[in-house]
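Asks: For reference, the structure I am asking about is given below.
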Amino acid sequence: MNKKEFFKTEFGAELECTVKALNIALEERAKCGNHNFQEIRKASKAINELMARLDVYKQGLRTFYGLDLHFTRTDEYFGLCTEDESYYLMKEKY
């Protein structure tokens, strides 16, 4: 798979936007702390919706490219990779 060409497709571009939005939503949820229940609920709903959208893209990657990828997030980067992290389709550094 040519990653550069893949991310130029509508499928690839939307997948990239979804992964980036998920990372932002997770950052926003972390900022909520544990006491602002309304903000926690709002952030959690956004995360759940983005995870559901990501699941659809992951199924497409599995079906059309034979790739079983997972969302990953560390202090240094986030992206999509295989379970053993031997292959990254997307790896964005902070």
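Asks: Determine ³J(HN,Hα), in whole Hz, for all residues of region 19-30 in sequence, where each value follows from phi through the Karplus function 6.51 cos²θ - 1.76 cosθ + 1.60 and θ = phi - 60°; x replaces Gly and Pro.
Replies: These are the phi-based 3J(HN,Hα) values: 5, 5, 5, 4, 4, 4, 4, 5, 5, 5, 4, 5 Hz.
Asks: Can you give me the long-range amide H partners of M90? Hydrogens built in the peptide plane at 1.01 Å from N, cutoff under 5 Å, separation of 5 or more residues or another chain.
Replies: L80
Asks: Remind me, relative contact order of the chain in percent, using alpha carbon pairs under 8 angstrom and six or more residues apart? Display every interim value, and only then the final one.
Replies: Working: 90 pairs, mean separation 18.6, N = 94.
Result for the chain is 20 percent.
Asks: Here is a follow-up. Tell me which of G60, A43, M90 sits at the most positive position along the dipole axis of the chain, charges placed on C-beta atoms (Lys, Arg +1; Asp, Glu -1).
Replies: Selected residue: A43.
Asks: Return the lysines within reach of K91: Cα separation strictly under 19 angstrom, same-chain partners fewer than 8 residues apart disregarded; answer none if there are no such residues.
Replies: By straight Cα distance, K91 reaches K3, K4, K8, K20, K58.
Asks: When only DSSP loop residues count, what trypsin sites (Lys or Arg not before Pro) in the chain have their Cβ near at most 12 other Cβ atoms within 10 Å?
Replies: Details: sites: K3, K4, K8, K20, R29, K31, R41, K42, K45, R53, K58, R62, R73, K91, K93; in loops: K8.
Of the trypsin sites (Lys or Arg not before Pro), the ones in loops of the chain whose Cβ has at most 12 other Cβ atoms within 10 Å are K8.
Asks: Taking N as the number of residues in the chain, what is its Cα Rg relative to 2.2 N^0.38 Å?
Replies: 1.15
Asks: Right, here's the next one. Magnitude of the Cβ-charge dipole of region 3-93, K/R +1 and D/E -1, about the Cα centre, nearest 20 debye?
Replies: Working: 15 positive and 16 negative charges, 54 e Å.
Computed charge dipole of region 3-93: roughly 260 debye.
Asks: With θ set to phi - 60° and the Karplus curve 6.51 cos²θ - 1.76 cosθ + 1.60, what are the ³J(HN,Hα) couplings of region 75-80 in order, to the nearest whole Hz, using x for Gly and Pro?
Replies: Computed from phi, the couplings for region 75-80 are 5, 9, 7, 9, x, 10 Hz.
Just so you know, all these numbers are worked out from the coordinates, no wet-lab data involved. The structure displayed is predicted, hence computed values, not measured ones. Here Cβ is always computed from backbone atoms with ideal geometry, including for glycine, and neighbour counts include all displayed protein chains.
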